[in-house]
Amino acid sequence: MDLDALTGCLASSACLVTQTTSGLIIGMLLFLVAVGLTLIFGVLKVVNFSHGAFYMFGAYFAMTAYQLTGSFALAMLCGAAGTAILGLVFERVFMSRVYGADVLMQLLVCYAFVLIFDDVVRMIWGPEFKSMGMPAAFQVVPLFIAGGVVPPYYLLLIGVALAAALVLGLGLARTRIGKVIRAAAHNPGMVSALGINTGLIYGGVFALGGGLAGLAGALAAPVRSLTPGMGFSVLIESFIVTVIGGMGSILGALIGALLIGLIRSFGSLGFPLFTEGLMYLFMVIVLVSRPTGLFGREVA
Amino acid sequence: MLEIRGLSKSFGGVKATDNVTLDFADGSLTAVIGPNGAGKSTFFNLVTGALKPDAGQILLNGVDLAGRTPPDIVRHGIGRAFQVASIFPSLTVEETMLAAVCADQRRAGVLHRRFPLAESRGRAEHAMELLGLASKRDRIAATLSHGDQKLLDIALALVLDPKVLLLDEPTAGMGTEERWRMIDKVRELWEKQKITVVFIEHDMDIVFKIAPEIIVLCYGRILATGAPDAIRRNGAVIEAYLGTEHHTGAVA
Amino acid sequence: MTELKAGRGGEALGISRTGARSQRSRYGDVLIALAAFVVLASLPLLFGSKALLDFVIRCSAFGLFATSLNLLVGYTGLTSFGHGMFFGLGAYGYGLIMQRTGVPIPIAFVATLVITAVVATVIGAICVRLKEIYFAFVTLAFQMLIHSTILSWASLTGGDQGLRGGIPRPAFFGIDLSNHVHLYITSCALLVIGLLLMRQITQSPFGYTLRMIRDNATRASFVGIDVWRAKLTIFVLAALFASVGGIIMALFVSGAYPEFAYWTISGEGIFINMLGGVTTFLGPMVGTVLLLILNDTVTRLTEYYGIVLGIVILFFAIGLRKGLMDFAVEWYKQRRDSEKERG
């Protein structure tokens with residue numbers, strides 16, 4: 001425990017800015033992953049325990065695409081699109097078989113795929129840590145805001161994530177497809193009776209959720225190291241975020257992710273060894289007082 | 001003697017139960033009727049502890065049970081059967097009865113002996129016979145027919161030796177013949193066990209044939225109480241429930 | 001949210017519950033237990049293989065853990081994702097007591113159980129009132145919290161290195177646990193006694209109270225059962241048996257490691273239950289043996305253990321949709337029924 005480091009930082013505007021930015025990008029990446037998780041739960045009523053794998057594949061796809069083409073934009077696209085397709089296939093072929101089954105069953109199917117995907121990545125890319133490296137366009141002088149260091153890439157990341165959040169939120173609320181998805185969440189039978197292919201909707205939601213997680217992985221690739229187990233810790237954290245924010249709530253995922261991001265970044269100053277513990281403690285506190293999360297609704 | 005005094009419950013702005021005051025005499029048989037949404041099930045929920053009333057008293061032989069927990073209320077002697085049979089699907093009929101008696105005998109937490117306890121057999125056997133389920137004792141509850149499941153549901157309430165038995169639409173989901181058989185069974189139980197029985201029912205033929213006493217609920221309030229003839233002639237009841245076009249002769 | 005349909009008669013797993021039908025008495029179970037113990041105890045005499053003894057010891061540890069988890073999942077309908085925390089608590093509790101204090105082993109054993117009971121009561125009191133999936137989440141959260149605490153409180157627990165330096169094994173009642181055969185026999189004894197006690201729980205009136213809660217908790221309360229208290233009781237009891245499993249593990253490796261409290265232990269527990277089946281009492285035991293055999297063989301053949309295990313899980317979850325013991329019992333019943341028909 002190092003409370004002096006923490007209080008010292010809170011007093012210094014430079015440190016405050018650096019840590020807050022760092023917390024924001026952790027939070028934004030988490031948000032992209034968590035929003036997919038919460039969407040899948042809200043519409044399909046399924047907890048996708050293999051969601052971390054999409055994050056992982058997004059990163060690896062992006063890295064490979066960048067190594068092949070040298071284009072950052074293409075890398076991002078590959079990361080997101082590749083995982084979206086993966087999500088679609090995964091849902092149609094496997095997850096659709098365990099809807100309506102026990103949580104146990106779904107957990108096991110997802111757990112199976114976590115194991116399989118991790119090994120597949122190990123086989124294709126090898127078990128060592130890999131890195132994509134920062135694309136040339138972003139190898140610029142960092143910005144100095146109030147004395148704190150802010151790499152421009154971080155701003156891009158935050159911007160992309162916020163844009164995604166906006167598009168998602170508005171899309172679900174205003175567009176026809178959004179309405180159909182929300183209807184399917186409430187009453188799939190009715191939606192299907194109206195002649196709408198619910199299978200396509202489910203596949204689409206999974207593709208969307210997976211794609212967002214993949215986007216997060218792709219965005220993270222320049223600033224994190226890649227390893228077959230990377231999906232795991234992200235999964236646990238995004239899980240915490242969704243649970244804290246409320247399963248099924250996009251706003252909850254955003255708030256929850258920001259909170260966790262900040263707890264992580266400031267917490268690692270004051271409690272370097274217990275940072276994870278802080279998150280779990282926070283999760284326990286929230287769940288005990290509000291089991292459905294900050295913004296969650298009781299799902300019947 | 002079950003006395004309800006000023007029982008009220010609101011959900012949001014809606015008064016589901018509005019200042020209900022009633023008396024149920026010992027050993028009486030009463031039907032509760034009313035249009036959908038009248039608050040009949042809510043009333044049962046309040047009396048059995050599934051819901052906490054906003055105001056009012058529920059006096060069973062002088063003891064106020066309002067706001068207590070379901071296990072507590074059951075202990076005091078109010079039993080309930082459910083509209084949709086609420087049973088234990090994986091247990092056999094016999095196991096269901098034995099387990100219920102065991103719980104009622106305060107032995108639900110016994111760890112050092114084996115189930116079933118010898119002292120539970122008597123009451124369990126008696127309840128199965130009363131409901132005609134003894135021949136199906138080894139059937140797993142989930143495999144019973146709908147009617148038998150409703151019987152098991154009633155048995156689960158009866159086996160606890162209640163002083164008052166609340167039956168929520170005992171004939172729900174049944175065809176006409178089966179319905180009469182069920183209601184005959186209910187009447188038979190009432191006569192044999194000498195307990196107070198209150199039942200919710202939608203089939204007016206049955207209600208007016210069987211029940212000595214009828215209560216009409218509407219929008220959470222009591223519209224009328226009394227013998228079948230009086231109810232049949234009650235203008236407010238006819239208008240609110242049976243409809244002004246309805247010929248009273250049809251419900252004879 | 002998908003309802004935990006184990007609460008509706010186990011139909012979600014596609015099995016009709018048959019476990020409750022056996023009318024074997026208490027004495028029958030004791031005899032079976034004795035016979036099993038005799039067989040196990042004679043293994044060191046018949047086979048000289050240390051690997052076999054090690055295997056059985058590991059089966060004892062995980063078998064107790066998995067069976068205790070089934071008390072929650074299969075019999076009460078409480079799906080805990082954090083049950084592994086008690087396995088870890090058992091290992092660390094026992095290890096720390098033995099390392100730090102000089103008490104004899106039986107005292108340390110009892111003390112560990114007491115600590116586990118206290119922790120389980122506190123955590124259980126918070127968790128059991130929550131519904132299904134929220135219960136699962138919070139138990140997982142608590143487990144990860146405990147795991148994080150173990151990792152960060154390095155001065156007490158050795159951090160990510162685990163408890164080093166070995167755990168002292170002073171002799172007691174003539175039993176010397178540094179002797180491998182003694183350790184083996186003790187593990188078998190703990191396993192058999194543990195299973196026997198858990199069997200008694202499931203076949204007692206309380207066991208049927210749990211089944212009622214699993215099938216229909218609302219109706220159970222209308223029958224006069226205090227559902228919260230019953231759930232808390234079984235939560236604590238299950239924790240105790242899980243921690244005995246942890247103690248065996250600590251004795252076996254003469255230490256305690258953070259992995260013992262990691263959520264993968266809970267995950268493996270759930271997987272074992274799926275493999276072996278949740279509707280029979282011995283299903284989890286069968287599942288334990290299967291998983292450990294799978295573990296050992298696959299890791300020897302290939303470094304890509306994950307893919308193999310994943311495929312096996314899929315086979316059971318999507319293909320068979322039930323555990324091995326469930327399968328066996330159903331097959332047996334079908335044969336018996338068709339023979340009856342043939343007359």
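This ranking places B:LYS150, B:LYS40, C:LYS131, B:LYS192 by how few other beta-carbon atoms lie within 10 Å of each, fewest first, which gives B:LYS192, C:LYS131, B:LYS40, B:LYS150.
Think of the protein assembly as shown as a dipole: +1 on every Lys or Arg Cβ, -1 on every Asp or Glu Cβ, centred on the Cα centre; then among A:PHE129, C:THR218, C:ILE293, C:ILE293 lies furthest on the positive end. Using a 4.7 Å Cβ-Cβ cutoff, the cysteines of the protein assembly as shown lacking any partner cysteine are A:CYS78, A:CYS110, B:CYS102, B:CYS218, C:CYS59, C:CYS127, C:CYS188.
Within the listed set A:SER22, A:SER131, A:SER50, the residue fluctuating most in the Gaussian network model of chain A (springs between alpha-carbon atoms under 10 angstrom) is A:SER131. The alpha-carbon positions of the range A:58-177 define a convex hull whose volume is 188 Å³ per residue.
Could you work out the relative contact order of chain B? I mean the mean sequence separation of Cα pairs under 8 Å and 6+ apart, divided by the number of residues, in percent.
Values: 451 pairs, mean separation 65.1, N = 252.
It comes to 26 percent, rounded to a whole number.
Where only DSSP H runs of four or more residues are counted, chain B gives -9500 deg cm²/dmol as its mean residue ellipticity at 222 nm, each run worth -39500 (n - 2.57). The calculated FRET efficiency for A:GLU128 paired with B:HIS202, based on their beta-carbon distance and R0 = 60 Å, is about 0.25.
In summary, the lysines within cross-link reach of B:LYS194, defined as a Cα separation below 17 angstrom excluding same-chain residues under 8 places away, comprise B:LYS163, B:LYS185. Using the Cβ-Cβ distance between C:THR218 and C:TRP153 with R0 set to 45 Å, the FRET efficiency works out to roughly 0.60.
A full extension of the chain between A:ALA193 and A:SER13 corresponds to an added length of 59.0 nm, given 0.36 nm per residue minus the alpha carbon distance. Think of the protein assembly as shown as having a plus end and a minus end, set by charges on the Cβ of Lys, Arg, Asp and Glu; of C:ALA141, B:VAL47, B:PHE11, C:ALA141 sits farthest toward the positive end of this dipole. Extending 7 Å from the Cα toward the beta-carbon at both C:GLN334 and C:ALA35 defines two label points whose distance is 2.7 nm.
Treating only the Cβ atoms of Lys and Arg (+1) and Asp and Glu (-1) as charged, compute the dipole magnitude of chain C about its Cα centre; round to the nearest 20 debye.
Values: 27 positive and 18 negative charges, 162 e Å.
Dipole size: approximately 780 debye.
Comparing mean-square fluctuations of A:ALA112, A:ALA207, A:ALA193 from a GNM of chain A with C-alpha springs under 10 Å, the top value falls on A:ALA193.
Peptides A:219-228, B:130-139 ranked from most to least packed, by the mean per-residue count of other Cβ atoms within 10 Å: A:219-228, B:130-139. Peptide A:72-85 is shielded by partner chain Cβ atoms: per residue, an average of 0 of them sit within 10 Å of its Cβ. Each residue, C:VAL122 and C:ARG100, gets one label point 7 Å from its Cα in the Cβ direction; the gap between the two is 1.4 nm. Arranged from fewest to most other beta-carbon atoms within 10 Å of their beta carbon, C:PHE65, C:PHE206, A:PHE129 become A:PHE129, C:PHE206, C:PHE65. Panel note: the C-alpha atoms of chain A, placed on their principal axes, show extents of 60, 50, 37 Å (largest first). Counting alpha carbon pairs within less than 8 Å and at least 6 residues apart, what relative contact order, in whole percent, applies to chain A? Reported as a whole number, the value is 39 percent. Listing B:VAL93, B:VAL237 from fewest to most neighbouring C-beta atoms within 10 Å gives B:VAL237, B:VAL93.
Using only the alpha-carbon atoms, how far is helix A:250-270 inclined from the longest principal axis of chain A? Give it as 0 to 90 degrees, nearest 10. Relative to chain A, helix A:250-270 is tipped by roughly 30 degrees.
Considering chain C as a Gaussian network with a 10 Å cut-off on Cα pairs, which listed residue, C:GLN161, C:GLN143, C:GLN200, attains the greatest mean-square fluctuation? Maximum fluctuation in the GNM of chain C, among the listed residues, is at C:GLN161.
Here each label is just a point 7 Å from Cα along the line to Cβ, and for B:HIS146 and C:ASN295 those points are 5.0 nm apart. If only the Cβ of Lys and Arg carry +1 and only the Cβ of Asp and Glu carry -1, the dipole of chain A around its Cα centre is close to 860 debye.
Using 23 Å as the Cα-Cα cut-off, could you pick out the over-long pairs in A:LYS45/C:LYS333; B:LYS15/B:LYS52; A:LYS45/B:LYS40; B:LYS136/C:LYS333; B:LYS136/C:LYS231? Check vs 23 Å cut-off fails for A:LYS45/C:LYS333; A:LYS45/B:LYS40; B:LYS136/C:LYS231.
Measuring nothing but how far apart in sequence close Cα pairs (under 8 Å, 6+ apart) lie, relative to its length, chain C scores a relative contact order of 31 percent. Among A:27-34, C:96-103, sorting by the average number of other beta carbon atoms lying within 10 angstrom of each residue, highest first, gives A:27-34, C:96-103. For chain A, the residue among A:PHE94, A:PHE61, A:TYR111 whose Cα projects farthest onto the positive side of the dipole built from Cβ charges is A:PHE94. Under a model in which nothing but the beta-carbon of Lys, Arg (+1) and Asp, Glu (-1) is charged, the protein assembly as shown shows a dipole of about 420 debye around its Cα centre. Per-residue 3J(HN,Hα) values for the range A:114-123, derived from phi via the Karplus relation 6.51 cos²θ - 1.76 cosθ + 1.60 with θ = phi - 60°, read 4, 4, 5, 4, 4, 5, 4, 4, 4, 5 Hz in sequence order (x marks Gly and Pro).
Read-outs throughout are calculated quantities, based only on the coordinates presented, and are distinct from any laboratory measurement. In this text, all values refer to a predicted model and were calculated from it rather than measured experimentally. All Cβ positions, even for glycine, are placed from backbone atoms using ideal geometry, and neighbour counts span all protein chains on display.
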